[in-house]
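Q: Before I ask anything, let me first share the structure, which is written out below as structure tokens.
The values are calculated or read from the model by the stated rules, or taken from the named source; none is laboratory data. From a predicted model like this one, the values you see are computed outputs, not experimental measurements. All Cβ positions, glycine included, derive from the backbone under ideal geometry; neighbour counts span all protein chains shown.
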Amino acid sequence: MEKEKVYVGIDVAKANMDVAVHPSGKRWSFTNDDRGISEAVSSLRELSPTLIVMEATGGIEAPLVAALGVAGLPVVVVNPRQIRDFAKATGKLAKTDVLDAQVMAHFAATVQPKPRILPDAQSKEFAAILARRRQVIEMLTAERNRLSSAREVVRERIEAHIAWLEQELDSIDSDLRSSVRKSPVWQEKDNLLQSVPGVGPVLSATLLADLPELGTLNRRQIAALVGVAPLNRDSGTLRGKRTVWGGRAKIRPALYMSTLVAVRCNAVIKAFYQRLCNAGKEKKVALTACMRKLLTILNAMLKHRAPWNYAVA
């Protein structure tokens, strides 16, 4: 007889981790520390689950995800909104850690999302540098906004902080370039990505760290993953506007800025943008379409290991 498939949901909190198994209904609880993670991985390895699902919890889940990945167990980290919507759809309105784990296990068995490619240690290091870069840029923007209305008594301090943040940003950019050079594989991908007019080191670094699936999915899947795919909003005879939402929010600002450059200096993207505008599309809609086109071009280039040329576009 065929072995029954096992699906696992794990609710991760700061102190504890609640584990639920579908369809057997087994439950465990472990402490969220090195010992608890080790015990959880050992227990799950014995089960040989088909799929393990967890919610994204702002990084609290990262050590467990890494340990499960190293153990070769199939794990998926999903948007908490998906789990909540699924719970409501199945009539489970109450919310506790144990119930959340059970809902995630049921979600794993019903929806069966595909496990994402887990970033390696260097990718995580790269992602940490990028996260810090975003934080420094946010602080720079805030301080520059404060400077415009600051009183003389604090202006000098704000200016000094801005100068320090600018130096820190230069140092972070240097670390990014150094991280790319450490890996021949990443260097090859970086060279391919930056061969496209409009794509600079920031977008390339963001894609390498936060979108490891680039080059492994088709154009529709990669657009949906980033959140630049148009989604229907139809009901009965109503035909609503197509909108984009969801996806990986960290990637879209860098992709947007590169697209703004590309509509001016990239002949393919520029012609596509002008064609959409001439057809009566709003500029915001046309730019979003150009973001999607640029992303699909980059995806095709990495898939075929082909540098930029008009044939790829």
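Q: Of everything in region 27-58 that's under 19 Å from residue 115 (Cβ atoms) and modelled with pLDDT under 85, which residue is farthest from the chain's Cα centre (by Cα)?
A: If we take residues in region 27-58 being under 19 Å from residue 115 (Cβ atoms) and modelled with pLDDT under 85, then 57 is farthest from the chain's Cα centre (by Cα).
Q: Further, regarding this structure: Give, as residue ranges, the helices (runs of 4 or more DSSP H) completely inside region 40-111 that count at least 3 residues that are small (Gly, Ala, Ser) and surrounded by fewer than 18 Cβ atoms within 10 Å (Cβ to Cβ).
A: Helices (runs of 4 or more DSSP H) meeting the threshold: 62-70.
Q: Only one of 13, 101, 108 is closer than 23 Å to residue 131 by Cβ, touching a residue at least 60 places away in the same chain (Cβ under 8 Å) and hydrophobic (A, V, I, L, M, F, W, C); which?
A: 13
Q: Say we look at region 255-287 and pick out the residues that are among the β-branched types (Val, Ile, Thr) and touching a Phe, Trp or Tyr at 6+ places or on another chain (Cβ under 9 Å); which of these is farthest from residue 227 (Cα to Cα)?
A: Residue satisfying both the conditions and the ranking: 268.
Q: What are the pairs, 6+ residues apart or on separate chains, where a residue within region 213-228 that is more than 14 Å from residue 297 (Cα to Cα) has its Cβ under 8 Å from a residue that is among the aromatic types (Phe, Trp, Tyr)?
A: Every condition considered, the pairs that remain are 227/245.
Q: From the list 197, 201, which one is in contact with a Lys or Arg (Cβ under 8 Å, 6 or more places away or on another chain) and in the same structural domain as residue 254 (by TED's automatic domain parsing)?
A: 201
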